[in-house]
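The values are calculated or read from the model by the stated rules, or taken from the named source; none is laboratory data. Note that the structure is predicted; figures quoted are calculated from it, not measured. Here the Cβ positions follow ideal geometry from the backbone for every residue, glycine too, while neighbour counts run over all protein chains shown. We work out accessible area using only protein heavy atoms, side chains counted, and drop any ligands, DNA or RNA first. Shrake-Rupley method; radii C 1.70, N 1.55, O 1.52, S 1.80 Å.
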Amino acid sequence: MADELILDGETREQKYQTLIPQIKALIEDEPDLVANCANIAAALRQTFGFFWVGFYFVKDDELVLGPFQGDIACTRIAKGRGVCGTVWQNGETLIVPDVNNFPGHIACSAASQSEIVVPIINQGQVRSVLDVDSDKLDDFNDIDQKYLTELAVFIADRF
Ligand code: SME
């Protein structure tokens, strides 16, 4: 297992292309889900400096906060509530360029301005969501969706 990430590339896409294989190498031989999610959150935040990166796990009828990097966050989210609860309900990624314009957005921090939430789906069920928040408006696009989805698919069979 690599002890250090090699953070290379100039564009965000180049950084993802350097980072994703390292994350896969970091988690592929490790069976512990919490440890792997913790390292994914850390690697994304370390590479891109995002304001908040973390997982919510589907537990019974709620999303419950899982491993994350950033400020403290709301612990439980109901299905259909906020960006995360909407992604759980619909099973589709949401990119929110301005969280202030998203009806029902749950503001864990006033500093968060834009957000992407990717579902982690196993056997047709959303098991978790990966939530990335930025303190910049309109900070996420289809490049983020492509590579975060690649991570979500890679880890989905662990859930
Ligand atoms: N903003 C999210 C809640 C989670 S925090 O941002 C960490 C939402 O609306 O679902």
Original post:
Here are some residues: VAL153, VAL64, VAL53, VAL129. Which one is within 24 Å of GLN22 (Cβ to Cβ) and without any contact (Cβ under 8 Å) to a residue 40 or more places away in the chain?
Top reply: VAL153
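Please indicate, with yes or no, whether at least one residue in region 2-11 is over 23 Å from VAL87 (Cα atoms) and in a helix (DSSP H, G or I).
Taking every residue of region 2-11 in turn, none turns out to be over 23 Å from VAL87 (Cα atoms) and in a helix (DSSP H, G or I).
Take ILE6 and decide whether it is among the hydrophobic types (A, V, I, L, M, F, W, C) and at pLDDT 95 or above.
So ILE6 fails the test.
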**OP:** Would you please name the residue that is most open to solvent (accessible area, probe 1.4 Å), looking only at residues in region 112-125 that are more than 10 Å from the ligand (Cβ to nearest atom) and of a type in the set (S, T, N, Q)?
**Re:** GLN123
Original post:
When LEU33 is evaluated against the numbered criteria (1) more than 16 Å from the ligand (Cβ to nearest atom); (2) within 14 Å of LEU130 (Cβ to Cβ); (3) buried (at least 19 other Cβ atoms within 10 Å of the Cβ), which criterion, by number, is the only one it fails?
Top reply: (3)
Subject >> So PHE50, is it in a loop (DSSP other than H, G, I, E, B), closer than 29 Å to GLU4 by Cα, open to solvent by less than 30 Å² (accessible area, probe 1.4 Å) and not polar (S, T, N, Q) >> reply: yes
Subject >> Any strands (runs of 3 or more DSSP E) falling wholly within region 60-111 and containing at least 3 residues that are buried (at least 16 other Cβ atoms within 10 Å of the Cβ) and either more than 7 Å from the ligand (Cβ to nearest atom) or within 15 Å of the chain's Cα centre (by Cα) (or both) >> reply: 62-69, 94-96
Subject >> Among the residues listed as SER134, SER128, the single one being small (Gly, Ala, Ser) and either within 12 Å of the ligand (Cβ to nearest atom) or in contact with a Leu (Cβ under 7 Å, 6 or more places away or on another chain) (or both) >> reply: SER134
